[in-house]
1. Every residue in segment B:241-256 that is among the β-branched types (V, I, T) and open to solvent by less than 10 Å² (accessible area, probe 1.4 Å), please.
2. Can you go through B:I169, B:I187, B:I195 and tell me which one is touching a Gly at 6+ places or on another chain (Cβ under 9 Å), open to solvent by 10 Å² or more (accessible area, probe 1.4 Å) and either facing another protein chain (nearest Cβ under 9 Å) or at pLDDT 95 or above (or both)?
3. With the requirement that a residue be within 18 Å of B:L141 (Cα to Cα) and within 9 Å of chain B (Cβ to nearest Cβ), what does segment A:101-132 give you?
4. Any idea which of (1) open to solvent by 80 Å² or more (accessible area, probe 1.4 Å); (2) under 30 Å from B:G181 (Cα atoms); (3) at pLDDT below 80 is the one A:A71 doesn't satisfy?
5. Could you grab me the full set of residues in segment B:346-383 that are more than 22 Å from B:E102 (Cα to Cα) and either open to solvent by less than 20 Å² (accessible area, probe 1.4 Å) or under 27 Å from the mean Cα position of the chain (by Cα) (or both)?
6. When you go through B:S362, B:S400, B:S366, B:S355 one by one, which is the residue that is assigned to a helix (DSSP H, G or I), modelled with pLDDT under 90 and not acidic (D, E)?
7. Looking only at residues in segment A:114-132 that are assigned to a helix (DSSP H, G or I) and either surrounded by 17 or more Cβ atoms within 10 Å (Cβ to Cβ) or of a type in the set (D, E, K, R) (or both), which one is farthest from the chain's Cα centre (by Cα)?
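The values are calculated or read from the model by the stated rules, or taken from the named source; none is laboratory data. The structure displayed is predicted, hence computed values, not measured ones. Here the Cβ is made from the backbone with ideal geometry for all residues, glycine too, and neighbour counts use every protein chain on show. The protein model used for the area step is the full one, side chains on, heavy atoms only, and it has no ligands, DNA or RNA in it. Shrake-Rupley method; radii C 1.70, N 1.55, O 1.52, S 1.80 Å.
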Amino acid sequence: MNLIIAKFNYVLYIVLMMMGLWAMIAKSNLIKKVVGLGIFQTAIILFYISISVKKGANIPIIHHHVDPNHAADAAHMVIDAAKYANPLPHVLMLTAIVVGVATLGLALTIIQHIYQEHHTIEEDEILEQLNQ
Amino acid sequence: MNIAAQLPVIVLVLPLLSAFAVTLVSLFNKKLAWPLTVLTMTATFLATTGTLCSVIHNGAIRYRVANWAPPFGIELVIDHLSALVAVVISIVALLVAIFAKETIQKDIPNRVGQFYTLFILCTVGLLGETLTGDAFNLYVLIEITSLTSYALLAFGGSRAYFSTFNYLILGTIGACLYLLGVGYLYIKTGSLNMIDIATLIPALSGSSAIFTAFILILVGLWIKMAFFPFHGWLPNAYTHATSTVSAFAAPLMTKVTVYMSIRLMYFVFGPDYAFSQFTGPVNIVWLAVIAILVGSYYALVQTDIKRMLTYIIIAEVGYMVGGMWLGNAIGLTGTIYHIAADAIMTACLFLALGSIAYKLGSTKISDMAGIFKKMPVTFCAFLVGAAGMIGIPPTAGFFSKWFLISGGIQAGQWAFVVALLVSSLVNAILFFRIIEVGFFGADDEDEHDAVVVQRNEAPLSMLLPTVTAAALVILLGLSTSKVTSLLIENIVGSLF
């Protein structure tokens with residue numbers, strides 16, 4: 001129980017991922033499969049965001065007002081990494097979100113074409129038509 | 001600024017920019033899209049060849065993109081392995097670009113501009129995958145390649161849409177697993193630079209997070225390369241695509257993914273780590289054996305040549321994964337050599353088949369009757385590719401099988417050796433069946449009327465790349481010792 005509370009985000013991401021995977025495999029409706037795909041990708045985003053969290057940390061904007069004439073002020077430049085949340089995973093996930101949007105758009109376009117071709121978006125009905 | 005020092009980034013930026021140029025130009029004049037694409041691919045080919053020469057003379061290059069120092073900036077790492085694969089990609093892309101003219105005009109006349117743009121972007125993605133030295137950057141490039149290839153494969157129309165959709169779902173799962181694996185690596189090492197991670201891994205070898213990362217990355221790439229239990233998407237997706245797209249995707253997608261798994265397994269995790277995780281009787285080589293046998297079996301029952309070739313690709317992926325996991329120098333040499341050899345042989349077969357399909361409108365074995373008299377040059381090129389797949393010397397296919405079998409014997413993996421021989425035998429049966437129909441299976445009417453069959457070759461823009469690919473299959477075979485001594489020994493020697 002303590003493990004679940006301590007690692008709640010990580011448990012949640014696994015649950016979300018499995019939900020997405022299940023939708024992709026078990027659902028017959030192609031749109032539902034794409035929704036599953038979206039959940040799957042979002043679960044990974046949750047994972048990445050979770051790893052960047054630090055307890056009691058601030059947003060990673062470094063505020064320094066250094067007077068260049070005073071060499072002693074250079075000490076202010078020293079950054080304590082533990083005080084700031086890790087910004088890198090967030091940046092990576094911006095890219096992953098863009099990829100997710102592109103995948104979603106492409107998948108929906110292909111579904112549109114499938115509908116024009118087969119007049120249905122149910123997988124079993126399409127397979128029936130293809131096997132004829 | 002020295003232009004030669006900037007070559008690694010030119011390889012990527014030049015085609016990337018010209019992809020946009022092709023879109024712009026094709027808005028005004030569709031006829032200009034093809035020449036511009038061929039020009040771009042020629043320039044890319046020259047750039048990759050230049051990079052290869054510089055690597056051979058001066059050793060590996062580490063290029064800092066925008067001059068940000070690693071591990072914070074992204075770097076391009078061009079060693080002997082990535083330079084070799086980049087040259088293979090640019091050769092195949094150039095051949096297919098030339099080949100595309102007539103088939104694209106015939107199959108998708110009103111979307112010519114879109115096709116060439118996606119084609120160039122896909123090539124950029126593939127080249128990026130080989131050159132990048134950053135694990136997350138690799139994910140982005142995998143997705144660029146995948147997204148463009150989904151769009152390209154969907155150009156096939158009717159049945160292609162549904163098979164591409166299945167590929168899209170599976171391909172995205174594969175890429176997401178890879179991304180997740182990179183996340184676990186990042187938790188433990190705090191770095192995304194491959195060389196940097198490689199120096200940190202030995203100290204962490206007992207960590208279960210690293211093991212999770214290893215498995216996730218491995219399985220993710222297996223899905224993308226259609227390795228045995230995950231091969232389901234490939235045959236339909238490649239069969240239903242237009243012949244130009246199959247001739248582009250079939251030789252490159254799986255092979256570049258194999259390259260990526262070599263890069264990650266040997267250069268990020270390191271051979272010591274990889275082999276210490278899978279010891280005992282059950283290992284990956286056995287999966288490869290099943291992949292080879294399953295691929296060969298399904299190839300045997302097909303009546304359509306294109307579909308048959310797609311199952312041969314699945315068997316070939318088994319060759320390469322098996323060779324990679326044998327754990328000795330000859331096996332890895334075989335795998336690396338086979339990446340080049342198989343890419344060119346598959347390109348040769350698919351280009352020849354594309355020309356035949358262009359003239360005949362069919363790829364069924366039963367429709368190949370008397371094809372030798374109708375299209376002698378194309379069919380001879382097809383035979384050279386087939387000889388490579390069977391493994392007849394002096395084609396490149398013979399030498400890669402030789403390396404792989406020697407590696408199998410050295411590692412004591414007899415099942416792998418037997419699977420390779422069985423697969424060669426099956427390939428021989430498959431292609432001799434086509435040869436029999438092609439040479440002797442003349443139509444009945446022709447025999448009675450004794451009419452001389454008209455030669456009906458494909459246009460020169462299709463014939464030229466097909467014959468070039470066939471010549472390359474033999475040329476690569478003849479220069480095997482050069483390729484291994486100049487390039488592959490450098491890589492393999494540093495690992496074993």
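1. Correct list: B:T244, B:V245, B:T254, B:V256.
2. After applying the criteria, what remains is B:I169.
3. Across segment A:101-132, the qualifying residues are A:A102, A:T103, A:L106.
4. (2)
5. Within segment B:346-383, B:I365, B:A369, B:G370, B:L383 meet the criteria.
6. Every option except B:S366 fails the conditions.
7. Within segment A:114-132, the first condition is being assigned to a helix (DSSP H, G or I), and the residues that meet it are A:114-118, A:123-131.
Those still in the list that are either surrounded by 17 or more Cβ atoms within 10 Å (Cβ to Cβ) or of a type in the set (D, E, K, R) (or both) too: A:114, A:117-118, A:123-126, A:128.
Details: A:I114: 27, A:E117: 32, A:H118: 32, A:E123: 27, A:D124: 30, A:E125: 32, A:I126: 31, A:E128: 35 Å.
Checked segment A:114-132; the qualifying residue farthest from the chain's Cα centre (by Cα) is A:E128.
Results for (1) assigned to a helix (DSSP H, G or I); (2) open to solvent by 20 Å² or more (accessible area, probe 1.4 Å); (3) within 14 Å of chain A (Cβ to nearest Cβ); (4) touching a residue at least 24 places away in the same chain (Cβ under 8 Å), shown as yes or no for each residue.
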| residue | (1), (2), (3), (4) |
| --- | --- |
| B:Y139 | yes, no, yes, yes |
| B:T145 | yes, no, yes, yes |
| B:T148 | yes, no, yes, yes |
| B:L152 | yes, no, yes, yes |
| B:Y178 | yes, no, yes, yes |
| B:V182 | yes, no, yes, yes |
| B:L200 | yes, yes, no, no |
| B:I210 | yes, no, no, yes |
| B:G220 | yes, no, yes, yes |
